[in-house]
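J.: Sharing a structure, written as structure tokens. Questions coming.
FYI, it's all coordinate maths here, none of it is from the lab. Model, not experiment: these values are computed from the prediction. We place every Cβ from the backbone using ideal geometry, glycine too, and count neighbours over all the protein chains shown.
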Amino acid sequence: MNDPLLSLIVPVYNVENYIIDCAESIAKQQSFSCQVLFVDDGSTDGSVRMLESYIARHSLSATWSVIKKVNGGLSSARNFGLKYATGRYVWFIDSDDMLAEKSLSSVISLLLAHTSLDLLLFNYDRFTNLPENTDSSSSENNFYYLSKEQVLTDIFQRKRDNYSWAFVSKKSTYLDNAIQFPEGKTFEDMATTYKVVYFSEKIGVTDALCYHYRVRSGSISNTVSQKSADDILENLREIRNFFSLNPSKVYNDAFASFAAYFALLAYQQHYSRKNLTKVKEVFGELDAKQINFKYRVAYLLARTGLLEMIQSIRKYVQSARSR
């Protein structure tokens, strides 16, 4: 096929309960010339067999393909897919999630109408079983531009999430600036999205709902561990290093609360003396006046040993309410 405007990159690893939902959410609106790349990251269940059967049964092989690699994790699969993407723009999609109805129409129409876009941000929702019957055409469809400074500020102030599937970016932004997802690490979106935004000059935003994010227990994002704590803290160090080489007023003004939040999140991954020491180190490098008040309070609770108890009570109450 001729080089398409957009490549969808979908890493696949042991998601046989969800992969067809994901594939169908793309296929039912696949009247557009998109490249759809499924990256088999060494699946050991029936995911790939089901997917290949679906592609053959619906005669999708002209634009859809499954490329295979040894297991290396989500970041490795995304990086691998990027090598084979031929579109001008790329959209990373998680294989247990779904595209909203008519989202491809919304995205492609905006990319064609605004040809200088480097980055397009859109809305998403969360679901557990099946998403509500909503599509991008039934949601607010306003479009406007934001400066990269404003988007970075929103991310650092946690007014905007940094999920890699919540935007479409020029492929060249990744390639020209050597942006790679950190292989072998969790919280890979935290490690990359700020770079994509920093190197994007023309950023568009649509209020259209384009993506359904599945919340499920056992997923990488819902698993706590010492490794997750280490990866979060390493990401914070790398962000500081990046902005020491690429000075930014936004970083100086807005990063403190972002760093405080994630340092505390790292501590909650594993309540240990080692992690508390690292949290103290992070807070010691920040201007206390720029840290959100609630994070300062949480830090004091952590230092007095009360944060773990409070979080345990909160989890118990939430669990009791959900029964």
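J.: Can you match P(r) over Cα pairs in 20 Å bins from 0, in percent to one of these, [x] 34, 60, 5, 0; [y] 28, 49, 21, 1; [z] 30, 58, 13, 0, based on a calculation from the structure here?
T.: Label [z] holds the value from this structure.
J.: Still on this structure, please answer the following. Around residue 185, what is the net charge, scoring Lys/Arg as +1 and Asp/Glu as -1 over all other residues with Cβ under 14 Å from its Cβ?
T.: In short, -4.
J.: Multiplying the sequence separation of residue 244 and residue 321 by 0.36 nm and subtracting their Cα-Cα distance, what value in nm do you get?
T.: The span from residue 244 to residue 321 would gain 23.2 nm if fully extended.
J.: Considering only DSSP beta bridges whose two residues both sit in the chain, what percent are antiparallel, to the nearest 5?
T.: Roughly 30 percent of the DSSP beta bridges within the chain come out antiparallel.
J.: Further, regarding this structure: Specify the angular offset, from 0 to 90 degrees and rounded to the nearest 10, of the alpha carbon long axis of helix 273-284 from the longest principal axis of the alpha carbons in the chain.
T.: Tilt relative to the chain: about 90 degrees.
J.: Say R0 is 35 Å: what FRET efficiency, to the nearest 0.05, do residue 65 and residue 149 get from their beta-carbon distance?
T.: After rounding to 0.05, the efficiency reads 0.35.
J.: For residue 57 and residue 312 in the same chain, what is the full-extension length gain: residue separation times 0.36 nm, less their Cα-Cα distance, in nm?
T.: Between residue 57 and residue 312, full extension yields an extra 86.9 nm.
J.: Please enumerate, by chain and number, the lysines with C-alpha under 18 Å from the C-alpha of residue 170, excluding those fewer than 8 residues away in the same chain.
T.: Within the straight-line cut-off, residue 170 pairs with 83, 148, 195, 202.
J.: Run lengths n ≥ 4 of DSSP H only: what is the helix-derived mean residue ellipticity at 222 nm for the chain, with -39500 (n - 2.57) per run over all residues, to the nearest 500?
T.: -14000 deg cm²/dmol
J.: Now for a separate question. Counting alpha carbon pairs within less than 8 Å and at least 6 residues apart, what relative contact order, in whole percent, applies to segment 6-221?
T.: About 28 percent, as a whole number.
J.: Show which aspartates and glutamates lie in cross-link reach of residue 102 when reach means a straight Cα distance below 19 angstrom and same-chain residues fewer than eight apart are skipped.
T.: 21, 24, 94, 125, 132, 135, 140, 207
J.: Just to confirm the number: angle between the C-alpha axis of helix 103-113 and the first principal axis of the chain, 0 to 90 degrees, nearest 10?
T.: Helix 103-113 sits at roughly 90 degrees to that axis.
J.: Any chance you could count the Lys pairs in segment 224-322 whose alpha carbons are under 25 Å apart, treating pairs 8 or more apart or on different chains as valid?
T.: Value for segment 224-322: 16.
J.: Measure nothing but the geometry: give the 0 to 90° angle between the long axis through the Cα atoms of 47-57 and the longest principal axis through the Cα atoms of the chain, rounded to 10°.
T.: 30 degrees
J.: Report the full-extension gain for the segment residue 301 to residue 83: residue separation times 0.36 nm, less the Cα-Cα distance, to one decimal in nm.
T.: In short, 73.9 nm is gained.
J.: Counting only residues 5 or more places away or on other chains, whose amide H sits under 5 Å from the amide H of residue 15 once H atoms are built in the peptide plane?
T.: 47
J.: Under a GNM of the chain (C-alpha, springs under 10 Å), which listed residue has the highest mean-square fluctuation: 290, 268, 311?
T.: Checking each option, the largest mean-square fluctuation is seen for 311.
J.: Something else: I need the GluC sites (Glu not before Pro) found in segment 64-173, filtered to DSSP loop residues with at most 12 other beta carbons within 10 Å of theirs. Please list the in-between numbers first.
T.: On the way: sites: 101, 132, 140, 149; in loops: 132, 140.
Counting only loop positions with at most 12 other Cβ atoms within 10 Å, the GluC sites (Glu not before Pro) in segment 64-173 are 132, 140.
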